[in-house]
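These notes are about the structure you will find just below.
The values are calculated or read from the model by the stated rules, or taken from the named source; none is laboratory data. This one's a predicted model, so the numbers in the text were calculated from it and none came from an experiment. Here the Cβ is made from the backbone with ideal geometry for all residues, glycine too, and neighbour counts use every protein chain on show.
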Amino acid sequence: MTEKFLVLDVDETLLNIEPLFFLEKFKKNYKDYTGKLIFDKYYLSPRPGVDEFIREAKKHFKLIAFSVVSKEITVKKLKALNILDNFIKIYGKEDLQNGKKSLKKIADDLNVSMNDITAIDDIPESFLEQEKIIKIKSWFIGDGREDDALMSVFKDLEPNVKVFS
Ligand SMILES: [Mg+2]
């Protein structure tokens with residue numbers, strides 16, 4: 001069985017971070033959400049179900065994070081939510097190709113086939129290979145605290161998982 005890789009977008013897929021002034025101005029009741037203050041005046045909140053999702057996903061895939069924000073900031077956010085150690089590699093803004101994320105770049109870096117890589121993103125168009133990306137609804141602080149989109153997406157992935165195995 002070859003190893004499979006799952007590339008996860010970060011912002012609005014796994015978490016949401018917003019400036020406090022914005023959350024207060026638009027009355028987002030952020031204090032009702034699990035999360036923490038970070039970078040001085042920001043609130044960082046995990047998408048509901050992120051821990052469960054990662055636990056399940058790790059049974060089938062090696063996880064990779066890919067953000068359009070810098071790698072340094074991305075690492076800090078994932079660390080703040082205690083999920084950093086689940087990822088074998090973190091990609092950031094520095095790794096974009098002509099302003100886009102690329103599965104090809106990851107495949108080349110890891111020396112694996114593109115067929116062994118799947119990705120989830122709330123903005124599939126952020127990838128050069130957008131037709132291969134599984135879209136998830138964006139999640140923001142103020143949205144449902146019962147959101148189950150991550151586990152739902154995982155169920156959509158399961159047919160692949162079976163084909164993979
Ligand atoms: Mg996103």
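Could you check how many residues of region 118-142 are free of Cβ contacts under 8 Å to residues at least 12 places away in the same chain and within 16 Å of the ligand (Cβ to nearest atom)?
Result for region 118-142: 3.
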**Item:** Whichever residue in region 1-52 is part of a helix (DSSP H, G or I), surrounded by 13 or more Cβ atoms within 10 Å (Cβ to Cβ) and not charged (D, E, K, R) and, among such residues, is farthest from the ligand (Cβ to nearest atom)
**Value:** Leu20
**Request:** Would you be able to say whether some residue in region 58-81 is on the phi > 0 side of the Ramachandran plot and either among the charged types (D, E, K, R) or crowded, with 18+ Cβ neighbours inside 10 Å (or both)?
**Result:** no
**Asked** In region 111-139, how many are farther than 19 Å from Gly99 by Cα, touching a Phe, Trp or Tyr at 6+ places or on another chain (Cβ under 8 Å) and not hydrophobic (A, V, I, L, M, F, W, C)?
**Response** 2
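Only residues that are assigned to a helix (DSSP H, G or I) and over 11 Å from the mean Cα position of the chain (by Cα): list them for region 58-76, please.
Kept after step one, since they are assigned to a helix (DSSP H, G or I), are these residues of region 58-76: 71-76.
Hits for region 58-76 are Lys71, Glu72, Ile73, Val75, Lys76.
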**Request:** Would you confirm whether any residue within region 142-153 is in contact with a Ser or Thr (Cβ under 6 Å, 6 or more places away or on another chain) and among the basic types (Lys, Arg)?
**Result:** no
**Message:** One residue is enough: does region 99-110 have a residue meeting the conditions more than 15 Å from Lys4 (Cα to Cα), away from the ligand (no atom under 16 Å from the Cβ) and modelled with pLDDT under 95?
**Reply:** no
